[in-house]
Amino acid sequence: MKCSTLGIGLAGLGTVGSGVVLALQRNSDLITDRTGGTVRLKVAKALVRNPAKARAADLPADAITTDWQELVADPAVDIVVELIGGTDTAFDIVAAALKAGKPVVTGNKALLAERGTELFALSKEHDTPIHFEAAVAGGIPIIKTVQESFVGNRILSMTGIINGTSNYILERMANAGLEFSEALKEAQDLGYAEADPALDVNGWDAAHKAILLATLAYGFSIDPTKVYVAGIEQVRPIDIEFATRLGYVVKLLAVVREHDDGSIEVRVQPSFIPKSHILASVHGVFNAVAVHGDAAGESLFYGSGAGQDPTASSAVADLVEAARSLRQPDGHRGFLPYKEAGALVPVEETTTAYYVRFDVTDRPGVVAEIAAKLAAAGIGISGTHSPVNPETPDADFVDMVFQLHSCPFGLLQETLTEIEGLDCVNSSPVVFRIEKL
């Protein structure tokens, strides 16, 4: 097949968008060679907010626009790449491109997690694919792996560390004894965290990615309002120290799991995981996803979870796939939900062991009062600890830690609400799951 150039409409010329331009400029001939001479890609139009801003990627002035409708409508644009983020204008761009029959590449996990039902319906209606490898785990090809390599597997579970910012913060708290605020400031200074780090530290960046993985694995759209999400804002050095003593590390863990009745568990929260598990050795801003298929068994996918080059690498891979589908049309080649609906396991019914930290008043009987409430609920206690300095054994304690046996999360929440009402408990308890992976 004769090679002809396909035009790209690039919505967003920030860090990742510039990385896409640079990768295409650097490896254009390589991409053409690897596609048998059928694909050559060129940025025909780029959408920016400020045309005068200096950028790493150099494009001709006539290729720059501030009007997204102009970008989508441009006849020179064959494929639209959405990298502006958000769920409003980004939705309009992607929807318009699909209606125009132009394949879409996006790295926008929030858009697909929150409005994917609408967009996948448009994708099906107009027989035009959405590709989104760059939306999950940066340069790790986890989307294609789940969608293609595991197509013959029933996915039993996926567990992962899929937010590099939180992973870096927790590791610095563990290794350097930093408070959360100090580790966050360090991550921001190094460029690992945004000026507004909310989605990273509150768990929702990881949750959006987990929702996409669950949608791919089980074929139906996941309602974000039914997904349990907790972030790392309340993690303190004392929690990490206690985990270390017990042989665990603290990670922000995404869990996607199918139950025997076919219902799906999706949750994100700080968790204790055994030091012996391979996910415990995921350091810094790296990501890893462990996938358990009924045929393939356990597989681990590890790599850079963010950054200009890794994320651009995934976007360019999707561009090539989109270009191939245009050059060799044989039907829709992107993802489409294949089930009308599925059941999510209520987080209240999920079961693990737990670590619970209470902020308490130092007086006799505190442990007994808390233990009595737990016993009345039928929740077993495997250990208690008050982290008092052995050199000053008579010092007041303000933290009391309980290790609890496995029980339903809803039962624990109800019991902790009762315990929070005790006059010896000063604030809401902090809960970590102790995972068996």
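The values are calculated or read from the model by the stated rules, or taken from the named source; none is laboratory data. Every value quoted in this text rests on a predicted model; they were computed, and no experiment measured them. In this analysis, Cβ positions are derived from the backbone assuming ideal geometry, glycine residues included, and neighbour counts consider all displayed protein chains. Calculation scope for accessible area: heavy atoms of the full protein, side chains included, ligands and nucleic acids excluded. Shrake-Rupley method; radii C 1.70, N 1.55, O 1.52, S 1.80 Å.
Using only Cα atoms, locate the centre of region 121-150 and the centre of region 153-197, then give the distance between them in Å, rounded to an integer. If you average the Cα positions of each part, the centres end up 25 Å apart. For the chain, the longest principal axis of the C-alpha atoms and the axis of helix 180-189 are separated by about 20°.
For region 365-388, backbone nitrogen atoms closer than 20 Å to the point 7 Å from GLU418 Cα along Cα-to-C-beta are found at 365-384. Counting heavy atoms of the protein chains alone, GLU148 has an accessible area of about 100 Å² for a 1.4 Å probe. Using a probe of 1.4 Å on the protein chains alone, the accessible area found for LEU279 is around 0 Å². Say R0 is 51 Å: what FRET efficiency, to the nearest 0.05, do SER28 and ASP359 get from their beta-carbon distance? E between SER28 and ASP359, to the nearest 0.05, is 0.30. Take each peptide in 245-256, 374-385, 156-167, count the other Cβ atoms within 10 Å of every residue, and average; sorted highest first, the result is 156-167, 245-256, 374-385. Sorting the segments 362-371, 230-239 by their mean number of nearby beta carbons within 10 angstrom, highest to lowest, gives 230-239, 362-371.
Given Cβ point charges of +1 (Lys, Arg) and -1 (Asp, Glu) and nothing else, what value in debye, to the nearest 20, does the dipole of region 249-355 about its Cα centre take? The dipole of region 249-355 has a size of about 440 debye. If the segment from GLN147 to ALA121 were pulled out straight at 0.36 nm per residue, it would be longer than the present Cα-Cα gap by 7.6 nm. When the solvent-accessible area of the chain is split by element, carbon and sulfur atoms take up 49 percent of it, the probe being 1.4 Å.
Once a ≥ b ≥ c are taken as the square roots of the eigenvalues of the Cα gyration tensor of the chain, is the result rounded (a/c under 1.5), prolate (a/b larger than b/c) or oblate (a/b not larger than b/c)? It would help to have the intermediate numbers written out before the result.
Working: a/c = 2.52, a/b = 1.96, b/c = 1.29.
In terms of gyration-tensor shape, prolate.
In the chain, taking the dipole from charged Cβ atoms about the Cα centre, the farthest positive-side position among GLY342, ALA206, GLY36 is held by GLY36. Ligands, DNA and RNA aside, LYS144 has an accessible area near 50 Å² when probed at 1.4 Å.
Compute the Cα gyration tensor for region 250-328, then decide on rounded, prolate or oblate, letting a ≥ b ≥ c be the square roots of its eigenvalues: rounded whenever a/c is under 1.5, prolate when a/b is larger than b/c in the other cases, and oblate in all that remain. Verdict is oblate for region 250-328.
Is the C-alpha gyration tensor of region 192-277 telling us rounded, prolate or oblate? Criteria: a/c under 1.5 is rounded; beyond that, a/b larger than b/c is prolate, otherwise oblate.
Numbers: a/c = 2.70, a/b = 1.40, b/c = 1.94.
The shape class here is oblate.
The long axis of helix 164-176 is offset from the longest Cα principal axis of the chain by roughly 40 degrees. Taken over region 95-174, the convex hull of the Cα atoms encloses 123 Å³ per residue.
Compared with the dominant Cα axis of the chain, that is its longest principal axis, helix 109-125 is turned about 40°. Computed over Cα pairs, the Kirkwood radius of region 113-221 leads via Stokes-Einstein (1.567 mPa s, 4 °C) to a diffusion coefficient of 82 µm² per second. Our summary gives the chain a relative contact order of 17 percent, counting only alpha carbon pairs under 8 angstrom and 6 or more residues apart.
Given the -39500 (n - 2.57) contribution per DSSP H run of 4+ residues, what per-residue ellipticity at 222 nm results for the chain, rounded to the nearest 500 deg cm²/dmol? Present the calculation step by step, with values, prior to reporting the outcome.
Working: 12 runs with 149 residues, N = 437.
Helices in the chain give a 222 nm mean residue ellipticity of -10500 deg cm²/dmol.
Under 16 Å of direct C-alpha separation, and excluding same-chain neighbours fewer than eight residues apart, LYS436 reaches these lysines: LYS251, LYS275.
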